[in-house]
Amino acid sequence: MTITLYALDGCPYCETVHDALTDAGVEYTTIWVDALHSERDEVRRVSGQRGVPVLVDEARGVTMCESTNIETYAQQTLAGE
């Protein structure tokens, strides 16, 4: 399973997503992004926008934004895998 989280250091929304993934026992890789939106080209390439957090689940072909959506996905879909 390949899960990637794009996050910004110090972002409270990113921290809640990290906590949700950890609590769900999900193994994932974090890609730390630049604080400047204009420098987040990779985030834009994968998600169509430059905001974080962004979760990419390659195995399921899922890319999602918004911390609450990602937290729900971690709990309902990824937990216990």
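The values are calculated or read from the model by the stated rules, or taken from the named source; none is laboratory data. In this text the structure is predicted, and so the values were computed from the model without any measurement. Positions of Cβ are generated from backbone atoms using ideal geometry, with glycine treated the same way; all protein chains shown enter the neighbour counts. To get the accessible areas, we keep the full protein, side chains included, count just its heavy atoms, and leave off ligands, DNA and RNA. Shrake-Rupley method; radii C 1.70, N 1.55, O 1.52, S 1.80 Å.
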Exercise for review: May I ask you to derive the relative contact order of the chain, considering only C-alpha pairs under 8 Å and at least 6 residues apart, and to give it as an integer percent?
Suggested key: 40
Revision key, fill the gap. Counting only Cβ distances under 4.7 Å between cysteines, those in the chain with no partner are C65
Check your understanding: Pick from E58, E71, E15: which residue has the top mean-square fluctuation in a GNM of the chain where Cα pairs under 10 Å get a spring?
Key -> E58
Practice item. Go through A24, L55, L78 and say which Cα lies farthest out towards the positive end of the charge dipole of the chain; charges sit on Cβ, +1 for Lys and Arg, -1 for Asp and Glu. Key: L55
Review point. Can you tell me the accessible area per residue over the chain, all protein chains present, probe 1.4 angstrom, in square angstrom?
Key: 59
Study note, to complete from the structure: Heavy-atom accessible area of the chain with neighbours in place, 1.4 angstrom probe: carbon+sulfur share in percent works out to 44
**Study point:** Square roots of five times the Cα gyration tensor eigenvalues for the range 42-81, Å
**Key:** 19, 12, 6
Practice item. In nm, give the distance between the simple-model label positions of T30 and E66, each being 7 Å from the Cα along the Cα-to-Cβ direction. Key: 2.4
Practice item. Would you mind working out the magnitude of the charge dipole of the range 1-60 relative to its Cα centre, with +1 at each Lys and Arg C-beta and -1 at each Asp and Glu C-beta, to the nearest 20 Debye? Key: 280
Study note, to complete from the structure: Between (i) 1.00; (ii) 1.60; (iii) 1.07, the structure-derived Cα Rg over 2.2 N^0.38 Å is (i)
Practice item. Have a look at A35, A20, A59 and tell me which one the Gaussian network model of the chain (Cα, springs below 10 Å) gives the largest fluctuation. Key: A59
Practice item. Return the loop-located trypsin sites (Lys or Arg not before Pro) in the chain (DSSP other than H, G, I, E, B) with at most 14 other Cβ atoms within 10 Å of their own Cβ; answer none if there are none. Key: R60
Check your understanding: Under a plain spin-label model, where a point goes 7 Å from the Cα along Cα-to-Cβ, how far apart in nm are D23 and R45?
Key -> 3.3
Practice item. On a 0 to 90° scale, report how tilted helix 12-23 is relative to the longest principal axis of the chain, with both axes built from alpha carbons and the result rounded to the nearest 10. Key: 30
